1. Name the residues in region 319-375 that are surrounded by fewer than 21 Cβ atoms within 10 Å (Cβ to Cβ) and in contact with a Pro (Cβ under 9 Å, 6 or more places away or on another chain), would you?
2. In region 213-231, what residues are crowded, with 17+ Cβ neighbours inside 10 Å and either without any contact (Cβ under 8 Å) to a residue 60 or more places away in the chain or closer than 16 Å to R142 by Cα (or both)?
3. Could we say that E350 is among the charged types (D, E, K, R), within 29 Å of A232 (Cβ to Cβ) and modelled with pLDDT under 95 here?
4. Within region 403-423, restricting attention to residues that are in contact with a helix residue (DSSP H, G or I) (Cβ under 6 Å, 6 or more places away or on another chain) and without any contact (Cβ under 8 Å) to a residue 60 or more places away in the chain, which residue is farthest from G286 (Cα to Cα)?
5. What are the residues in region 232-252 that are under 22 Å from the mean Cα position of the chain (by Cα) and in contact (Cβ under 8 Å) with a residue 40 or more places away in the chain, if any?
6. For region 197-223, give me the residue count where each residue is of a type in the set (A, V, I, L, M, F, W, C) and under 21 Å from the mean Cα position of the chain (by Cα).
7. Would you point out the residue of region 246-303, among those that are within 24 Å of A216 (Cα to Cα) and β-branched (V, I, T), that is surrounded by the fewest Cβ atoms within 10 Å (Cβ to Cβ)?
8. Please work out if R400 is assigned to a loop (DSSP other than H, G, I, E, B), over 13 Å from G225 (Cα atoms) and in the same structural domain as R53 (by TED's automatic domain parsing).
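The values are calculated or read from the model by the stated rules, or taken from the named source; none is laboratory data. All values derive from a computational prediction rather than experimental measurement. Here the Cβ positions follow ideal geometry from the backbone for every residue, glycine too, while neighbour counts run over all protein chains shown.
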Amino acid sequence: MNKPERHFADASTLHGSRDLHARASAVFPDGVGAYSQQRRPHPVYLVRAEGARLHDVDGNSYVDYMLGAGPAILGHRHPAIVQAVQSALADGLPNIAVTERQIELAETIQRHVPSMERMRFLPTGTEAVQAAIRVARRATGRKLIAKFEGAYHGQADNVMVSVAVPADARGPVESPHAVPYHCMLPDELKQLTLVLPYNDLAATTAIIERHAAEIALVLIEPMLGFAGAIPAEPDFLRGLRALTARHGILLAFDEVITGFRLGLGGGQGLFGIRPDLTILGKAIGGGMPLAAFGGRADVMDYLSATTHPHDYVFQSGTFSAFPMSLAAGLATLRVLEAEQGAAHIVALGERARAGLRRIVGELGIAARVTGVGSLFHLHFTDREVRCGRTAEDADHERIRALHEALLAHGIYFYAGRLGFLSTAHTDGDIDDMLAAVREELQRA
């Protein structure tokens, strides 16, 4: 069983990280280059990563359950990815080069996600979501889109709505308010995005049917990621699929988080639901920036400048289908196929969730464990967690404090957020993590 090289007892021992953060505070808001890098009292500055382990500037080692917020599905510095990226770099091909590798990656994806009859590559999930929205509007001739409370679909204004659902602003479940997420949105823009209640088919049906003739696209995560690994209920997904089909509304699965992490077929493979459009990201690039969107051939055909020379949907990007990202993505999927990697991380996820349930049950702690596949989270609440509202009402400070305390055990989480697993993790890693969680919860 691999053990961390060294532990630290509190943040005061992180002298190197503390000093670097002081420098960073002179050039970045909050001293970080992106919000996701924040940590209290300052980030842990890393120097190296390999397998499931991270190493910081102060000589500490950690087992990583953040994995770059999900992309490193094979762990860090996997030999197949390193070799593939080095080979692509040696080829020296420019960023808009057309290569056979992009066909190979698309064919591999299509083998596991057959709903993606045609697809395009992009650098980020944000861009892929927006491309799907543009195509859906062109295909249906409608303006409105709909998303679910608690769902995060990237940084664009039209989906930065009701990502979190504070109690004083959310409105009734039968008609949720569109709440901008830490940004100012014009009312005209907010009115183009409907907000739906997750795992509530009756309320969702009523909202959609009131606006059915105007809705181009319903966007859903098969498992709410940002809200804390909350799976969609199968009957809810089946009902939503039937409802959207009945009204000619396109259904898009945002599988940026769930793609390849619930099995190689993602959420749609696990639940047996075929969406009209799919968005992939994170794990598809194995740690390199890569996303994809695709779906029904007749819908994706609106991207064709040949079929629609005067009114095609424009989609492009300087780093779409970036050669090194394609190489990393293809290597990742080949390893997952050859080594039964998806089955391994799903089994690890089941072990983690079962262990957390056992711990909170034995300690008599009001908490709920959520997740599916290789994803897991712990919500401190006595209520069943089925949607963004119940997740929002849980004790977020307690889960954040737990994740901060686990640093002293050499365990690294994205503080307050869901846990990710990779093929580099072992049963022993999970058992060590569970033992540390038990110790900290007993101490609290």
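1. F319
2. Residues of region 213-231 crowded, with 17+ Cβ neighbours inside 10 Å: 215-231.
I215, A216, L217, V218, L219, P222 - these are the residues of region 213-231 that are crowded, with 17+ Cβ neighbours inside 10 Å and either without any contact (Cβ under 8 Å) to a residue 60 or more places away in the chain or closer than 16 Å to R142 by Cα (or both).
3. Numbers: among the charged types (D, E, K, R): yes; within 29 Å of A232 (Cβ to Cβ): yes; modelled with pLDDT under 95: no.
No: the conditions fail for E350.
4. Restricting to residues being in contact with a helix residue (DSSP H, G or I) (Cβ under 6 Å, 6 or more places away or on another chain) and without any contact (Cβ under 8 Å) to a residue 60 or more places away in the chain, the top hit is A405.
5. Across region 232-252, the qualifying residues are E233, L250, A252.
6. Within region 197-223, the subset of a type in the set (A, V, I, L, M, F, W, C) is 201-203, 206-208, 212-213, 215-220, 223.
Next, only the ones that are under 21 Å from the mean Cα position of the chain (by Cα) stay: 217-220, 223.
Qualifying residue count for the region: 5.
7. So the residue we want is I273.
8. Working: assigned to a loop (DSSP other than H, G, I, E, B): no; over 13 Å from G225 (Cα atoms): yes; in the same structural domain as R53 (by TED's automatic domain parsing): yes.
So R400 does not fit the description; no.
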